[in-house]
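Undergrad: The structure's right below; bear with me while I get my questions together.
No value in this document is a laboratory result; all are computed from the given coordinates. Here the structure is a predicted model, which is why all the values come from computation and not from measurement. Cβ placement follows ideal geometry from the backbone for every residue including glycine, while neighbour counts extend to all protein chains displayed.
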Amino acid sequence: MPDGTEKHFNPITGTEVWYIPGRKDRPIFTQKTQNPGEIIPSDRESVCNFCPQNYFNTPPEKVRLVRKNGIYEYQEKLSISDVLSHTADFRCIPNLFEIVTLDYWRKNYNYQFSRINEKFQHEYLADPVGRNHIVSIINLKLSYSGLSADEISAMPVNQKLAMADPFFHGCHELIVPRRHFIPGAQNLSQLASSGEFSADEHYLYFDFTIRSIERIYRNNRYVRYISVYQNWRKDAGASFDHLHKQLVGLDEWGISIEHETTMVQQYPNLYNEYGVNFAGYNNLVICENLSAIAFVDLGHSHPTVAIYSKSPSCQPWRHTEQDVRGMSDIVHAVHSAMGAEISCNEEWYYMPKDSPTTIPWHIFIKWRVNTPAGFEGGTKIFVVPYSLYEVRDRLVPRLFQLRADGRISQMDIAQECPVKPNSLAYVTHSKHDL
Ligand SMILES: [Zn+2]
């Protein structure tokens, strides 16, 4: 509009957004933590429960990726003694406070535990150190829940051990990388975000996450969709500053996927037409490679960068290694260009296992730089502090610099991108791929 106001509506998300000039509430990229304090060297790997020196404070580990003699190796179902004896590059651990509880699956679906997980549980508890670990974690959980030290010590051990089932059979998992701080960090604000990985490490993080999606599906036949997300920093809902992803098994698809499925049944070319093509014609594309494309997306409650897979496969675990790497490289580049200072949510969307309708794998990175309030609640119109083009113009120069410095993979940036119309191949996905 002539005064600079920008109004946009996204038919895919169903959200209306206004950008009004002059309403910026804070500058980005300069949002440095004030007087963050120095890192005490002995605390470098023990500042939170996700840090390597505090493995005893997290529930029993399910899987890890470790580097041995230059080769990465997956290790599953280790004893606590083995967990404590080595540092892992990535770990998959249960969430101490599940969103969808094990009881939900047990009582509503008569969910039966897998034999292999039961065997792991039995062996873990037969080991005195493992048993101590379980009691210690349950004590920690009870204290977080508000029980006094006297109440916790009065509770019989058998009752505590019976509370450990979710650790071995639950469907809410965390993926935790090793580092809390960037290598060589001096102060507490130098956190290791997704953008601080090398492109190779970021791919391992993605691959490890995708393997965990498959494992949840394998363990629980009643899971219809697995929500995958990453909350970065407190403003984005994270309870730890230590980077992690979360996976939550659900018995439904969730409102967003159901809405998108209905839309794409009516307009099969939806994601091309309203997503990539629109972004291309309006110069909103940020970067692209053979497998994926990123653009500033309109119609989200927060300024958002969308990354779409161009693969004909619609589920991350059915992508080729090259296509997963391509998605990972683009997501990594966007995080690197944003910097670690911006709180953000990374949200994954893909075609559910039991959906006959094709949806491309796509990821939204939402900048938590505004707080929806009464106006948004009353009108469902979201006011954001940055215009679409301001977001693009913050990221593009940094991408060129990062590429020149060799800190991100090779890719096309802004005007270099081919942005071919209808480049998302999900529409050609066949039943054969299901
Ligand atoms: Zn940590």
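Undergrad: Looking only at ASP200, ASP235, ASP82, which one moves most when the chain is put into a Gaussian network model with springs between Cα atoms under 10 Å?
TA: ASP82
Undergrad: Please give the charge dipole size of segment 91-240, origin at the Cα centre, charges +1 on K and R Cβ atoms and -1 on D and E Cβ atoms. Round to the nearest 20 debye.
TA: With Lys and Arg at +1 and Asp and Glu at -1, about 320 debye.
Undergrad: Order by neighbour count: ARG233, ARG115, ARG218, fewest other Cβ atoms within 10 Å first, most last.
TA: So the residues, fewest neighbours to most, are ARG115, ARG218, ARG233.
Undergrad: When the dipole is taken about the Cα centre of segment 1-128, and only Lys, Arg (+1) and Asp, Glu (-1) are charged at their Cβ, what size is it in debye, to the nearest 20?
TA: My answer is approximately 180 debye.
Undergrad: Hey, another quick one. Placing +1 on the Cβ of each Lys and Arg and -1 on the Cβ of each Asp and Glu in segment 51-177, which of LEU140, LEU102, LEU65 has its Cα farthest towards the positive end of the resulting dipole?
TA: Projecting each Cα onto the dipole axis, the largest value belongs to LEU65.
Undergrad: Of HIS244, GLN190, LEU78, which is farthest along the charge dipole of the chain in the positive direction, counting Lys and Arg as +1 and Asp and Glu as -1 at C-beta?
TA: In the chain, that residue is LEU78.
Undergrad: OK, next. Between ILE40 and GLN266, what FRET efficiency follows from the Cβ-Cβ distance if R0 is 51 Å, with the result rounded to 0.05?
TA: Between ILE40 and GLN266 the formula returns 0.30.
Undergrad: Quote the relative contact order of the chain in percent (integer), defining contacts as alpha-carbon pairs under 8 Å separated by 6+ residues.
TA: Here the relative contact order equals 19 percent.
Undergrad: Using alpha carbons only, how many angstrom separate the centre of segment 135-170 from the centre of segment 314-345?
TA: 37
Undergrad: In whole percent, what relative contact order does segment 342-434 give with Cα contacts below 8 Å and a gap of six or more residues?
TA: Relative CO of segment 342-434 lands at 22 percent.
Undergrad: Please order THR358, THR58 by the number of other Cβ within 10 Å, starting at the fewest. List each step's numbers first, then the result.
TA: Working: THR358 25, THR58 22.
Final ranking by Cβ density, sparse to dense: THR58, THR358.
Undergrad: May I ask you to derive the FRET efficiency for ASN110 and MET1 from their Cβ-Cβ distance with R0 = 56 Å, giving the value to the nearest 0.05? Intermediate values should be presented prior to the final figure.
TA: Numbers: r = 57 Å, r/R0 = 1.02.
Step by step, r from the Cβ atoms, then E = 0.45.
Undergrad: Treat each spin label as a single point 7 Å out from the Cα along the C-beta direction, and report the LYS234 to THR357 distance in nm.
TA: 4.0
Undergrad: Size of the dipole of the chain about the Cα centre, Lys and Arg at +1 and Asp and Glu at -1 on the beta carbon, nothing else charged, in debye to 20?
TA: Computed charge dipole of the chain: roughly 360 debye.
Undergrad: From the square roots a ≥ b ≥ c of the eigenvalues of the alpha-carbon gyration tensor of segment 220-266, which class results: rounded (a/c under 1.5), prolate (a/b over b/c), or oblate?
TA: It is oblate, given that a/c is not under 1.5 and a/b is not larger than b/c.
Undergrad: Subtracting the Cα-Cα distance from 0.36 nm times the residue separation, let me have the gained length for HIS122 to ILE20 in nm, one decimal.
TA: Working it through step by step, the gained length comes to 30.8 nm.
Undergrad: Given the pairs LYS7/LYS380; LYS310/LYS366; LYS68/LYS245; LYS62/LYS245, which are separated by over 19 angstrom at their Cα positions? Spell out each step's value before the answer.
TA: On the way: LYS7/LYS380 13 Å; LYS310/LYS366 21 Å; LYS68/LYS245 24 Å; LYS62/LYS245 15 Å.
From LYS7/LYS380; LYS310/LYS366; LYS68/LYS245; LYS62/LYS245, over 19 Å: LYS310/LYS366; LYS68/LYS245.
Undergrad: May I pose another question? Assuming a ≥ b ≥ c are the square roots of the Cα gyration tensor eigenvalues, decide whether segment 12-134 counts as rounded (a/c under 1.5), prolate (otherwise, with a/b larger than b/c) or oblate. Intermediate results must be reported in sequence, preceding the final value.
TA: On the way: a/c = 2.49, a/b = 1.41, b/c = 1.77.
Since a/c reaches 1.5 but b/c is at least a/b, the shape of segment 12-134 is classed as oblate.
Undergrad: What nm value, rounded to one decimal, do you get for the distance between GLN159 and THR371 when each label is placed 7 Å out toward the C-beta?
TA: Result: 3.9 nm between the two label points.
Undergrad: What does the net charge come to around ASN54 if you take all other residues with beta carbon closer than 14 Å to its beta carbon, with K and R at +1 and D and E at -1?
TA: 0
Undergrad: Further question on the same structure: Counting only DSSP beta bridges with both residues in the chain, tell me the antiparallel percent, nearest 5.
TA: Just about 95 percent of them are antiparallel.
Undergrad: Would you kindly derive the ³J(HN,Hα) couplings of segment 230-244 from the backbone phi angles with the Karplus curve 6.51 cos²θ - 1.76 cosθ + 1.60 (θ = phi - 60°), listing them in order in whole Hz, with x for Gly and Pro?
TA: Calculated HN-Hα couplings, in order: 9, 9, 9, 6, 4, 5, 9, x, 7, 8, 10, 7, 7, 3, 6 Hz.
Undergrad: Moving on. Note the full-extension length gain between GLU214 and LEU84 as 0.36 nm times their separation in residues minus their Cα-Cα distance, in nm to one decimal.
TA: Taking GLU214 through LEU84 to full extension adds about 44.2 nm, to one decimal.
Undergrad: When the label point is put 7 Å from the Cα of GLN410 along its Cα-to-beta-carbon vector, which residues of segment 188-216 have a backbone N closer than 16 Å?
TA: Inside the label zone: 199-200.
Undergrad: Go ahead and estimate [θ] at 222 nm for the chain from helices alone: -39,500 (n - 2.57) per DSSP H run with n ≥ 4, summed, over the residue count, rounded to 500.
TA: Working: 13 runs with 138 residues, N = 434.
After summing the helix terms and dividing by the residues of the chain, the value is -9500 deg cm²/dmol.
Undergrad: Just want the ordering: MET1, MET327, MET163, from fewest to most Cβ atoms lying within 10 Å of their own Cβ. Don't skip to the end; give the middle numbers.
TA: Working: MET1 8, MET327 28, MET163 15.
Ranked by crowding around the Cβ, least crowded first: MET1, MET163, MET327.
Undergrad: Can you find, among PRO316, VAL17, MET155, the residue sitting farthest towards the positive end of the charge dipole of the chain, where Lys and Arg contribute +1 and Asp and Glu -1 at Cβ?
TA: Selected residue: MET155.
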